[in-house]
1. Strictly greater than 21 Å: what percent of every Cα pair in the stretch 150-287 meets that?
2. Shape of the stretch 75-183 from its Cα gyration tensor (a ≥ b ≥ c, root eigenvalues): rounded if a/c is under 1.5, otherwise prolate when a/b > b/c, or oblate?
3. Under a 10 Å cutoff between Cα atoms, tell me which one of Ala207, Ala180, Ala242 has the largest fluctuation in the Gaussian network model of the chain.
4. Would you work out which of Val82, Pro290, Gly246 lies farthest towards the positive end of the dipole of the chain, given +1 charges on the beta-carbon of Lys and Arg and -1 on that of Asp and Glu, about the Cα centre?
5. Given a 10 angstrom Cα cut-off, can you work out which residue in Val35, Val288, Val185 is the most mobile in a GNM of the chain?
6. Solvent-accessible area of Arg278, probe 1.4 Å, all protein chains present, reported in Å² to the nearest ten, please.
7. Accessible area per residue for the chain in Å², computed with a 1.4 Å probe and the full protein assembly in place, what is it?
8. For the chain, build the charge dipole from Cβ charges (+1 Lys, Arg; -1 Asp, Glu) around the Cα centre, then report which of Ala221, Met264, Ser195 sits farthest towards its positive end.
Amino acid sequence: MAHLWRGVIREYFDRLDVTKDTPIITLGEGGTPLVDAPALAKLVGADQVYLKVEGMNPTGSFKDRGMTMAVSKAVGHGAKAVICASTGNTSASAAAYAAAAGIQSVVLVPDGKIALGKLSQAVAHKAQILQVEGNFDDCLDLARDLSANYAVHLVNSVNPDRIEGQKTGAFEVVEALGFAPDFHVLPVGNAGNYSAYFKGYLEDFNAGTIKAVPKMWGFQAEGSAPFTVGHPVKNPETIATAIRIGNPASWDLAQSAKECSQGMFGAVSDAEILWMHRFLSQEVGVFVEPSSATGAAGLLKQAKLGLVPKGATIVVTVTGHGLKDPMWALKDEAGQEIVPEKVSTRAEEVAERLGLV
Ligand SMILES: *Cc1c(COP(=O)(O)O)cnc(C)c1O
């Protein structure tokens, strides 16, 4: 039977904190592909590895799952403006959903640390954009302060509506597989998504849909790894700008998700992230932004330590689309710019250049 995907609120209405009176602001988010990645499974020595490709959401990242909830509830409460701090994808998503709702969006971005694709989305959707002299953590403090004292509604993942919407990623994985994976792997910034997936799996477990929750494996970038060092990091540094976060907003939720699932947090270097970014594009066929390769990079690191069991089924969330931050694909392994070669219109010459003769 024909079925048009209706966005996560309508698809999971009974399992979300909404009522018949909640206005539904949707762009058709969710319902993203779970892509079988045999090349990655072979690389890490697991039975099955799947990528949950969240770059296929309407604004190109998983943030849309939470934003449909956050903006719908904000509008339900009569909000005329939403505000967020963002390393890029939250602002792109907030701006798009605010546009769909016909309300204003305000985004606070850290000075000079936002990928061009994401900034262009916020501009396109007519957000009021302010570059704050500070890092992401400073932007979030400011956004919290403004929303506490002025008529703007906070839509960062400290807003529980965001986590609520994002848990639908886990529901979709369970529906697609028919069971829960042994491990769920993902990149970690504020740890909202890590916490949200665990919440989704736990609800499935409590409903009797799955026999066990997956072990949750979360990975940060080495220069920005508060969970592995055990305390907030003052000046986080990494090329993976979406997870360049020193003081994760969902610290406690994430710790309890880790413990309840017998999971772990780890860290990988920028070089390992960029290596995996290239591997996913070249060997799997899925183009993600560098931050999104962090989970798979961490999985490989675990495999090298002998910590990935042979028969395991693993799902890795790849969080955002490669076109968000395309410059990384345009450099070779040595960091040199890749420029397409020029040729004439003569077939023999082109054939020769292609090594066909
Ligand atoms: C937001 C984001 C993350 C980090 O998610 P958290 O919920 O902050 O841990 C990772 N990757 C991408 C592409 C993101 O946009």
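The values are calculated or read from the model by the stated rules, or taken from the named source; none is laboratory data. Computed from a predicted model, the values in this text were never measured in an experiment. Quick reminder, even Gly has a Cβ in these numbers, built from the backbone with ideal geometry, and neighbours come from all protein chains shown. Only protein heavy atoms, including side chains, enter the accessible area calculation; ligands, DNA and RNA are left aside. Shrake-Rupley method; radii C 1.70, N 1.55, O 1.52, S 1.80 Å.
1. Working: 4429 of 9453 pairs.
Across the stretch 150-287, Cα pairs with separations above 21 Å total 47 percent.
2. Working: a/c = 1.85, a/b = 1.57, b/c = 1.17.
Cα axes put the stretch 75-183 in the prolate bin.
3. Checking each option, the largest mean-square fluctuation is seen for Ala207.
4. The one lying farthest along the dipole's positive direction is Val82.
5. Val35
6. Probe radius 1.4 Å; accessible area of Arg278 about 60 Å².
7. Numbers: 15810 Å² over 357 residues.
I get 44 Å² per residue for the chain.
8. Positive-most Cα among the choices belongs to Ser195.
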